[in-house]
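Asker: The structure that follows is given in the form of structure tokens.
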Amino acid sequence: MNIHSFVLKKAREAKAGSRAIAKVSSEQKNNALKNMADSLLKKARELESANKKDIAAARKKGLSKAMIDRLTLNKKRINETAQGLFEITGLPDPVGEVTKMWTRPNGMMVGRMRVPIGVIGIIYESRPNVTADATALCLKAGNAVVLRGGSEAIHSNTAIVKILRAAAKSQGIHEGVITFIDNTDRQAIMEMLKLEGLIDVVIPRGGEGLIRAVTENSRIPVLKHYKGLCHVFVDRDADMEMAGDICFNAKVQRPGTCNAMETMLVDEKVAGKFLPGMIRRFKKAHVKIKGCPRTRRINKAISAASEQDFFTEYVDKILNIRIVKDIDAAINHIAKYGSAHTDTIVTADYSKAMRFLKEVDSSSVFVNVSTRLSDGFQFGLGAEMGISTDKLHARGPMGLEELTCLKFIVLGDGQLRE
């Protein structure tokens, strides 16, 4: 079977699954999710064994430590993934919710109802936990999913899908609801992107190159974010200890994620006080620092940050530092270099905090918390599908509601148009 026929068969299977899952009750979906979570925990060793094959191949290819970290499945991450599935069962089922009703002069009632999108294609790199997260969210929102993970995680993803499909099938869920393209040929992605009418929306998760390739080649609507260029601005009125902890967490806790800080902006009024100790703290954690000329005057050992560096998502232990005049300069920097993902201000000044929330045009804007908290699980949405920096149809972490759309419903008693 050629790649076109192979992908087409998978998509048709998912289409059949989407029709079947649309009729399934909330209780049945929740039972399937619980069974899937239990199965992941029970078969953790099987998952770790499959993951080790991917890790060995990644090391042989010379992938960075940060990329290998994204790829790694250990007991803690398997537990977190299973917990995410359990949490989704406790969330309200959005399908069938009537968001608004109103009565027209002729007596007919008009409303809007949440319904599944249908078939959602997920194209992603590295992180095998996405396989479970995406499947769970799509299933709970009444959608079928077509999964196409990166070749670097083929063993891990294959193992996860096998477990999830078996667990869902045992609860009477159509197998097409969880469809996996287990072919590492990149042409499979191009074939997916041609299937308008079978796949309703595509969500790419990965590096900028992948997302741009998907967007440029897709005949299907795409929900995306190109980069995670996240900033933390340390205002002159910030609590310095809090600011230090937030900045350190935002960069170091997991630098390979899209919500890790890439540039730290520091108000000139506190730069001399804040930066020396902060730079030492970063260097102790093996963070490579690039700084503006004023930052380099504080520490001459820092390499110079180029214009391009401020546009770069490192997904690694590399950090830009820029000293800015004030909050206006910080907001202007974010507007020029940011990617509309997540940006934070650390300040004790209420008016500045409100200005930052209002004027920074990102999908998530924070006051006095780490950018690493930009996450559907942390927001209480359950495991997220991804983070959209688009403004249509969803923005920010995408949970259950973002995986539905609205249709109009009308209730009448014989009204006619005159």
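Rule-based calculations on the coordinates, nothing more; no lab input. Since the model is a prediction, treat every value here as computed from it, not as a measurement. Every residue, glycine among them, receives a Cβ derived from its backbone with ideal geometry; neighbour counts consider all protein chains shown.
Asker: Output ³J(HN,Hα) for segment 341-347: one whole-Hz value per residue in order, computed from phi by the Karplus curve 6.51 cos²θ - 1.76 cosθ + 1.60 with θ = phi - 60°, and x for Gly and Pro.
Answerer: 8, 9, 9, 10, 10, 10, 7
Asker: Okay, moving on. Just want the answer: with Cβ charges of +1 for Lys and Arg and -1 for Asp and Glu, which residue in Ile289, His333, Cys247 is farthest toward the dipole's positive end in segment 230-373?
Answerer: Ile289
Asker: Hey, another quick one. With unit charges on the beta carbons (Lys and Arg positive, Asp and Glu negative) and the dipole taken about the Cα centre of the chain, which residue among Asn259, Gly228, Ile279 sits farthest to the positive side?
Answerer: Checked the options; the winner is Ile279.
Asker: Suppose every K and R has +1 on its Cβ and every D and E has -1 on its Cβ; what is the size of the dipole of segment 3-224 about the Cα centre, in Debye to the nearest 20?
Answerer: Using only the charged Cβ atoms, the result is roughly 160 debye.
Asker: Taking Cα atoms of the chain, Rg/Rh with Kirkwood Rh, to two decimals?
Answerer: In the chain, Rg relative to Rh is 1.02.
Asker: Still on this structure, I have one more. When a/c reaches 1.5 or more, the comparison of a/b and b/c decides; with that in mind, is segment 230-373 rounded, prolate or oblate per its Cα gyration tensor?
Answerer: The shape class here is rounded.
Asker: Name the residues whose placed amide hydrogens come within less than 5 Å of the amide hydrogen of Ile409, ignoring near sequence neighbours (fewer than 5 apart) on the same chain.
Answerer: Gly111, Arg112, Met113
Asker: Taking the Cα centre of the chain as origin and charging only Cβ (+1 Lys, Arg; -1 Asp, Glu), how large is the dipole, in debye to the nearest 20?
Answerer: My answer is approximately 1180 debye.
Asker: Can you put Asp133, Asp267 in order, fewest other beta carbons within 10 Å first?
Answerer: Asp267, Asp133
Asker: Another one. Just going by the charge dipole of the chain, with Lys and Arg at +1 and Asp and Glu at -1 on Cβ, which of Ile189, Ile173, His393 is farthest out on the positive end?
Answerer: Ile189
Asker: Can you say what percent of the DSSP beta bridges in segment 47-148, counting only those with both residues inside, are antiparallel? Round to 5.
Answerer: DSSP beta bridges in segment 47-148 are roughly 50 percent antiparallel.
Asker: Okay, next question. Which of the chymotrypsin sites (Phe, Trp or Tyr not before Pro) across segment 324-417 are loop residues per DSSP, with 15 or fewer other Cβ within 10 Å?
Answerer: Passing sites in segment 324-417 are Phe379.
Asker: Quick check on the exposure proxy: order Cys292, Cys405, Cys247 from fewest to most C-beta atoms within 10 angstrom.
Answerer: Cys405, Cys292, Cys247
Asker: With each pseudo-label sitting 7 Å past Cα toward Cβ, what's the Val98-Gln415 distance in nm, one decimal?
Answerer: Result for the modelled spin labels: 1.3 nm.
Asker: So how many Å³ per residue does the convex hull of the Cα atoms of segment 3-224 work out to?
Answerer: For segment 3-224, the hull spanned by Cα atoms encloses 133 Å³ per residue.
Asker: Expressed as a rounded percentage, what relative contact order does the chain have, with Cα pairs under 8 Å and six or more residues apart?
Answerer: Relative CO of the chain lands at 19 percent.
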